[in-house]
Each structure stands twice: as C-alpha cells, then as structure tokens.
Amino acid sequence: MDHLSSAPPTAVRLTRYTKSEQAEILGEGADPFGVADAGLTWLPKEEHFGVRLEGRLVAHTGLLRVPVSVGGAEAEVVGVGGVAVAADVRGRGLARLVMTAALGHARTMGPRHGLLFCRPPLVPLYRRLGWQVLEQDVRVEQREGPVIMPLRTMWTPLREGAQWPAGGVRLLSYPM
Ligand SMILES: CC(C)(COP(=O)(O)OP(=O)(O)OC[C@H]1O[C@@H](n2cnc3c(N)ncnc32)[C@H](O)[C@@H]1OP(=O)(O)O)[C@@H](O)C(=O)NCCC(=O)NCCS
C-alpha cells in the first residue's frame, strides 16, 4: 500500500492562496460560496491554512485580523473566511481539520474572539465546530458606508472563558 495516500490528512499553513488555489478546491464557478446575492465587497484573508490529499489542495480556511466596535468599545477580532472543501471530499471532516488548524493559529494572534459570516444553512455545521450565532444586527463597512450584514454572524472564543460583550456590533472594515 502507498504510505503517502494512507497517511491521515493534516492541515498546513499555505504560503500562497490566490484565485487559482481557490479554483483548485471549488472550481471556476462564479459564486462558489453562494453569497453573490448579498452584493457585498469582501476582504481577502492574510493567513491561509489548507489540506492536501495526494498533492491536491482540497480544503482551505483563511484568517484576517479586523477592527470591530462592540458597545462603543473598539477591539480586534480574528475574521475567518473562505472556508472551502472540494465537493468530492466533503463530509469527511476536512472542514473541521482545516478550521481546527486555523483556530489554533488564531489563538496566538491576540484577539479574544473569532468572527465569521455565513449563509443560514451553514449555521448548524459551524455550531458543531464550536461557533455561536450573534443574534443581533451587525453593521459592516461597504464603499457607500455601513450596511447591515445580510448573512448570519457567528463568533467563537479564542481565550478560555471569553464571552461576547454586550452592545451594538460594527465591523470597522469590509467583511472577510
Ligand atoms: C461548508 C463546507 C466547507 C463543509 O465542509 P466538509 O468537509 O463537508 O465539513 P466536515 O465534514 O468537516 O463537517 C464539519 C462538521 O459539521 C458537521 N455537519 C455537516 N453538515 C451539518 C449539518 N447540516 N448540520 C449539523 N452538522 C453538520 C459534520 O458532521 C462535522 O461535525 P463532526 O466533525 O463533529 O462530525 C463545504 O460544504 C464547502 O466547501 N461548501 C462550499 C463553500 C462554502 O459554502 N463555504 C462556507 C463559506 S461561509
């Protein structure tokens, strides 16, 4: 048996993640995340984690530190985005694997919370991965000024016991 193909997959930090790496995972479709309807402008991520199976990139999670205002107090959160697994290898725990690696790194970045935006059908999956829904409107920056995020907002603690603080939430950047 081939040792490489039988080894359990591991997540690694990626040194590059461009349109072509995203296409390697999700194909060339116009709206692979299903969020085009929201009409938002998004930020690219700065740190990237991935999983390769037999040399092929099949999973990704990106991280980006972003400024927020919560109850009028400014802080930073680690934004999580670009979570993607190739269609033919979904349902095998690869999103969990790559998210676990990304959050392990996020815990070293400083902010107390991770934040992500997702379509409503993905809420149960992210709950399973330790995320909680923020049940309030979240404003995010767009070119024309702040808008209410139409997707669901979820957060996860990056420090033991961290709670989400009370008060209005505004992302002081484009969403990630
Ligand atoms: C969303 C996506 C990344 C999930 O990838 P995946 O590899 O199939 O996910 P996993 O197999 O790691 O599943 C993660 C966990 O969620 C659970 N899960 C999956 N679907 C679920 C559902 N509908 N309800 C509850 N839990 C669910 C899994 O059982 C697993 O939990 P476990 O490890 O405790 O068993 C993948 O479907 C994808 O790339 N979709 C297209 C791109 C996209 O929409 N990305 C999200 C942008 S926010």
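Antiparallel beta bridges, as assigned by DSSP with both residues in region 9-162, represent about 95 percent of the total such bridges.
Heavy-atom accessible surface of region 108-169, averaged per residue, reaches 55 Å², computed with a 1.4 Å probe. A 1.4 Å probe over all protein chains sorts Y174, Y126 by accessible area into Y174, Y126, starting with the largest.
Applying the criteria of a DSSP loop state and at most 15 other Cβ atoms within 10 Å to the trypsin sites (Lys or Arg not before Pro) of region 1-79 yields R16. As a fraction of the 1.4 Å probe accessible area of region 3-171, surface on carbon and sulfur atoms comes out at 50 percent. Using alpha-carbon positions, what is the distance between the centroids of region 110-132 and region 24-79, in Å? Taking the Cα centre of region 24-79 as reference, the centre of region 110-132 is 12 Å away. The relative contact order of region 3-171 comes to 21 percent, based on Cα pairs under 8 Å that sit 6 or more residues apart. Basic side chains Lys and Arg get +1 at the Cβ, acidic Asp and Glu get -1 at the Cβ, and with that the dipole of region 3-171 about its Cα centre reaches some 440 debye.
The values are calculated or read from the model by the stated rules, or taken from the named source; none is laboratory data. Every value quoted in this text rests on a predicted model; they were computed, and no experiment measured them. Here Cβ is always computed from backbone atoms with ideal geometry, including for glycine, and neighbour counts include all displayed protein chains. Surface areas here come from the heavy atoms of the whole protein model, side chains and all, with no ligands, DNA or RNA. Shrake-Rupley method; radii C 1.70, N 1.55, O 1.52, S 1.80 Å.
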